[in-house]
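Report on one structure; see the data block that follows.
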Amino acid sequence: MISEQAKQRMRDLASRYPVARSAVMPSLHIAQLEEGYITAEGLQAVAEAINLTIDDVESIATFYTMYYQRPQGKKIIHVCTSISCYLRNCDALVEHLEQRLQIKRGETTPDGNYSLKTAECIAACSSAPALQVNGEFYEHMTNERADALIDALDQELGIERRV
Amino acid sequence: MPELIITKNLDVPGIDSLAVYQQYGGYTALAKALREYQPDALVEMMKVSGLRGRGGAGFPTGLKWSFLAKNNMPRYLCCNSDESEPGTCKDRVLMERMPHRLLEGVIITSYACHVQTAFIYVRGELTRAAEQVEKAVDEAYAAGLLGSNILGSDFSLDVIVHRGAGAYICGEESALMESLEGRRGYPRLKPPFPAVVGLYGGPTVINNCETLATVPAIVAGGAEWYASFGTEKSKGTRIFCLSGQVKNPGNYELPLGVPMRTLIYDEAYGGGILGDRELKAVIPGGSSTFILGADKIDTPLDYESIAAAGSMLGSGGVIVISDETCIVGAIARMSEFYRDESCGKCTPCREGTFWMTEILERLEHGHGEMRDIDLLLDICDNVSGKSFCPLGDAATSCITSGIRLFREEFEYHVTHGHCLTGPGSKQQAHETVQAVGSR
Ligand SMILES: Cc1cc2nc3c(=O)[nH]c(=O)nc-3n(C[C@H](O)[C@H](O)[C@H](O)COP(=O)(O)O)c2cc1C
Ligand code: SF4
């Protein structure tokens, strides 16, 4: 559900910019924060707040990869696989995480806890290989550090034991 | 240790806050600019300083500011903090650790260019950087450094932090403006250039984050002082993002003109090649720039010398490749990036980046044919210079330069079905199954 406060923030944004239309991206961010991905309701709320058609908003939402078109895991792991991380063996890191989480890149665990994705250069080239969990950076990664990270996340999510 | 300008005091605890930034002299340059200089004098100062853009093209900053059309339309400033060029990781650090230095640069630049609304476009993935810049903006409003009548002057400025949402192309200046206007990030036809018809149709200055963060130091220290660093034509210092197969990767601020060898081998910086291997190649300015062979190691890192060596200083992302790495695999990986990030607006780039990647991958996996190598060059020829925006050209750089320098490695993939060097080669294949280049 998109809350009334969220809708109000979208309307405020529309008047903050010189042209209301510019508020479409921040409003989509708000909608996604509310619901975890871009839903039909989210599109509608943005369209109403900024006075655009739903199709118009949708065409923008589908251009940018950060607006998710379907539900994601609670923890979204983005492993950078661009050149600087590649030269520091990010592929082995991705494979390690695939084994640990028992999913392939691009998938979400059946319990809905983790999504594992590969990402284009995340501006952590000098501390490669690097990944992000829900936007937070983890750099100079090794398989051991990746395991420790998943252990900590498991604990946070209340996951007892992963087989 | 050479003098630091952009990254000076970057490690001071709490420097991300307004109070500590001011303790270290923050915003005195802004006060000086407002008190002692007319806007045009600041534009002149930037010209004399020799500052050139740190976003990619290296355009002289003062000159760019002086090109703004004189008409009745509102003017805008866009700070390009969309940092996403593979190999580049400096703007993120500046925003996370010292957002006020950037903001001070934004305010001074706005004053110099008669701008009343400025935007800081932060790449969507850089959550913490955006939060830090937003916090700095809030603090600045509360302290009277933004808003109406800044520091008691008659200059007023509104700053809006705008977050991107995952699209490399939005770093291209016209696509960035499209995105800011609330549309898909498709590049615009140029001319007209942003300085004439930019954001919301108004004359617009667009500068990279590091470029703008350099402005306060130039105002504080003077144009001549800044111009005393660097070389005759490439003035000042810049942040080199050293990454790849080097012992101490990191962001190093150095005067322009420093030899590439110093950055890569000096103990104070790169410290040499990872695992004491041999240097094979360097990509000097982010993945969009041409690959240089190891013989170019003594080239000074300035705009002219790198151009003469056959590449570009670009975004300052120096990517080091050792003889452990198969060049075919590395280039295939870079090519994937452009395929995925092509916005799809024009055919040469949309189709070209797809096919280039397909062919590179079949070569990498040993299914390629000899004629694929020339086919690749042929496609590059049809993409470069024939695409709507520079992303198309950029996608071909690593391929054309890579084949020119390392053709035998491509051929080896065809004749032997695996890498000539590195973990993917026959000798090592069974030992390191998961290592680079073996897939
Ligand atoms: C495909 C593409 C991506 C770009 N990405 C960035 C970027 O992420 N950051 C940036 O500052 N400039 C980027 N640029 C360069 C900008 O178009 C523009 O030249 C620059 O922001 C101007 O600032 P400067 O003069 O201070 O360097 C990109 C250019 C292209 C063609
Ligand atoms: S060159 Fe590529 S990125 Fe640029 S407009 Fe064409 S398709 Fe889009």
* Asked: What strands (runs of 3 or more DSSP E), lying completely within the stretch A:106-157, carry at least 1 residues that are small (Gly, Ala, Ser), more than 9 Å from chain B (Cβ to nearest Cβ) and surrounded by 14 or more Cβ atoms within 10 Å (Cβ to Cβ)?
  -> A:114-119
* Residues that are in a helix (DSSP H, G or I) and in contact with a Pro (Cβ under 9 Å, 6 or more places away or on another chain), drawn from the stretch B:334-353 -> B:Met334, B:Phe337
* **Selection status of B:Arg238, within 16 Å of ligand 2 (Cβ to nearest atom) and either away from every other protein chain (no Cβ under 14 Å) or at pLDDT below 95 (or both)** => no
* Go through the stretch A:5-23 residue by residue and tally those that are more than 14 Å from chain B (Cβ to nearest Cβ), buried (at least 17 other Cβ atoms within 10 Å of the Cβ) and not basic (Lys, Arg). => 1
* To do: Kindly provide the set of residues from the stretch B:125-168 that are surrounded by fewer than 16 Cβ atoms within 10 Å (Cβ to Cβ), in contact (Cβ under 8 Å) with a residue 60 or more places away in the chain and part of a helix (DSSP H, G or I), ordered by number.
  => B:Leu151
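To keep it simple, each residue is scored yes or no on (1) part of a helix (DSSP H, G or I); (2) out of contact with any Phe, Trp or Tyr (no Cβ under 7 Å at 6 or more places or on another chain); (3) at the interface with chain A (Cβ under 9 Å from one of its Cβ atoms); (4) within 24 Å of A:Ala119 (Cβ to Cβ).
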| position | (1), (2), (3), (4) |
| --- | --- |
| B:Cys170 | yes, yes, yes, yes |
| B:Met177 | yes, yes, no, no |
| B:Arg184 | no, no, yes, yes |
| B:Val196 | no, yes, no, no |
* Those residues that are exposed (fewer than 15 other Cβ atoms within 10 Å of the Cβ) and part of a loop (DSSP other than H, G, I, E, B), I need them from the stretch B:25-56; list them, please. => B:Gly25, B:Gln38
* With B:Leu68, B:Leu51, B:Leu77 as the choices, which residue is under 30 Å from B:Val246 (Cα atoms) and hydrophobic (A, V, I, L, M, F, W, C)? -> B:Leu51
* Structure fact -> Apart from one, (1) farther than 28 Å from A:Cys125 by Cα; (2) more than 9 Å from chain B (Cβ to nearest Cβ); (3) over 18 Å from the mean Cα position of the chain (by Cα) all hold for A:Ile38; the odd one out is (3)
* **Residue match in the stretch B:94-114 (condition: within 15 Å of ligand 1 (Cβ to nearest atom) and within 14 Å of chain A (Cβ to nearest Cβ))** => yes
* Structure fact -> Just one listed residue, out of B:Glu172, B:Glu139, is within 16 Å of ligand 2 (Cβ to nearest atom) and out of contact with any strand residue (DSSP E or B) (no Cβ under 8 Å at 6 or more places or on another chain), and it is B:Glu172
* To do: For B:Val320, work out the one condition from (1) outside any helix (DSSP H, G or I); (2) of a type in the set (A, V, I, L, M); (3) surrounded by 24 or more Cβ atoms within 10 Å (Cβ to Cβ); (4) within 16 Å of ligand 1 (Cβ to nearest atom) it doesn't fulfil.
  => (4)
* Answer residue from the stretch B:323-342, given it is farther than 26 Å from B:Gly185 by Cα and more than 10 Å from chain A (Cβ to nearest Cβ) and is farthest from ligand 1 (Cβ to nearest atom) among those -> B:Asp323
* Asked: Quick one: which of B:Gly310, B:Gly316 is at pLDDT 95 or above, in contact with a helix residue (DSSP H, G or I) (Cβ under 9 Å, 6 or more places away or on another chain) and within 21 Å of B:Ile399 (Cβ to Cβ)?
  -> B:Gly310
* To do: Only residues in the stretch B:225-244 that are under 18 Å from B:Phe59 (Cα atoms) count as the first member; pair them with residues that are surrounded by fewer than 18 Cβ atoms within 10 Å (Cβ to Cβ) and of a type in the set (A, V, I, L, M, F, W, C), Cβ under 6 angstrom, at least 6 apart or cross-chain, and list the lot.
  => B:Lys235/B:Ala227
* Considering only residues of the stretch B:343-353 that are within 12 Å of another protein chain (Cβ to nearest Cβ) and within 13 Å of ligand 1 (Cβ to nearest atom), which is surrounded by the most Cβ atoms within 10 Å (Cβ to Cβ)? -> B:Cys343
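The values are calculated or read from the model by the stated rules, or taken from the named source; none is laboratory data. As the structure is a computational prediction, the values presented were derived from the model and not from experiment. Note that each Cβ is placed from the backbone with ideal geometry, even for glycine, and that neighbours are counted across all protein chains shown.
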